[in-house]
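The block underneath contains the structure these notes are about, expressed in structure tokens.
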Amino acid sequence: MRPTAISIVHWKGWLLFLMMSIEIQAQLLAKPLQLDSDTIIMGGGCFWCIEPIMASLDGVMNTTSGYAGGTNKEPTYKSVSLGKTGHAEVVQVTYDKTRISLTQLLEVFFESHDPTTLNRQGADIGSQYRSIILYRTEEQKQIVDQFITSISKHYNSPIVTEIALSSKFYEAEQYHQDYFHNNKSNRYCTMIIEPKLKKVKEKFSTIINQK
């Protein structure tokens, strides 16, 4: 049975469609989706606490514990703990702005610590435990300033969170990274971090990463 002109046209059209689909898929693989990401640095007490809280949020792509805000060029956990470097224990948060806003990050951050206690969070005392936000852009600074102004009336004491342009960030030693998840049986984790994390997950359930 000889193919008709109509069937030939049909198959040519099908083959053309298939070739175009393959080409489009190849282009998508060659050029992966670019996320609208940004980074901000936050500190509010021990970074063991802040890191798992921020990491639990949907839209947060990466969290790294480290040191920033000081003058020492080679800070270590030991030197920062002595309070002589000027650095604070902080967490560098990289987030997808199409999935979570900076305002939402700030809501969780301020819920996770007391921004009215100078150089202290609970039993952790020293300038390394100060409340601090290091912004990267002027837009971030404006959002942070406006947010703090809007929540100040809800506190009985003035907010003392340090707001400054991001300086050099020093990644902390490897054993500090994902500390809570790697040391859940640790007493500090069970008594301090776990209750805070549970509180955040309950209050901000709509923006918690469910994976």
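The values are calculated or read from the model by the stated rules, or taken from the named source; none is laboratory data. Because the structure is predicted, anything quoted here is derived from the model rather than measured. Neighbour counts run over all protein chains shown; Cβ positions are idealised from the backbone, glycine included.
Observations, loosely collected:
- Scanning segment 114-156 for residues that are of a type in the set (Phe, Trp, Tyr) and either in a loop (DSSP other than H, G, I, E, B) or in contact (Cβ under 8 Å) with a residue 60 or more places away in the chain (or both) gives Tyr129, Tyr135, Tyr155.
- Flag for Gln210 being closer than 18 Å to Ile53 by Cα and either touching a residue at least 12 places away in the same chain (Cβ under 8 Å) or assigned by TED's automatic domain parsing to the domain that holds Gly69 (or both): yes
- Some residue of segment 87-103 being small (Gly, Ala, Ser), surrounded by 16 or more Cβ atoms within 10 Å (Cβ to Cβ) and assigned to a strand (DSSP E or B): yes
- Here Ile125 fulfils each of the conditions (1) under 22 Å from the mean Cα position of the chain (by Cα); (2) surrounded by fewer than 16 Cβ atoms within 10 Å (Cβ to Cβ) apart from (1).
- The test for being at pLDDT 95 or above, surrounded by 15 or more Cβ atoms within 10 Å (Cβ to Cβ), in contact with an Asp or Glu (Cβ under 6 Å, 6 or more places away or on another chain) and among the hydrophobic types (A, V, I, L, M, F, W, C) holds for Phe47.
- The set of residues in segment 53-79 being in a helix (DSSP H, G or I) and either surrounded by fewer than 16 Cβ atoms within 10 Å (Cβ to Cβ) or not small (Gly, Ala, Ser) (or both) consists of Ile53, Met54, Tyr77, Lys78.
- Tally, over segment 162-204, of residues that are surrounded by 12 or more Cβ atoms within 10 Å (Cβ to Cβ), part of a loop (DSSP other than H, G, I, E, B) and hydroxyl-bearing (Ser, Thr, Tyr): 2
- Of all residues in segment 82-96 being of a type outside the set (Val, Ile, Thr) and either more than 28 Å from Val200 (Cβ to Cβ) or at pLDDT below 95 (or both), the one that is nearest to the chain's Cα centre (by Cα): Gly86
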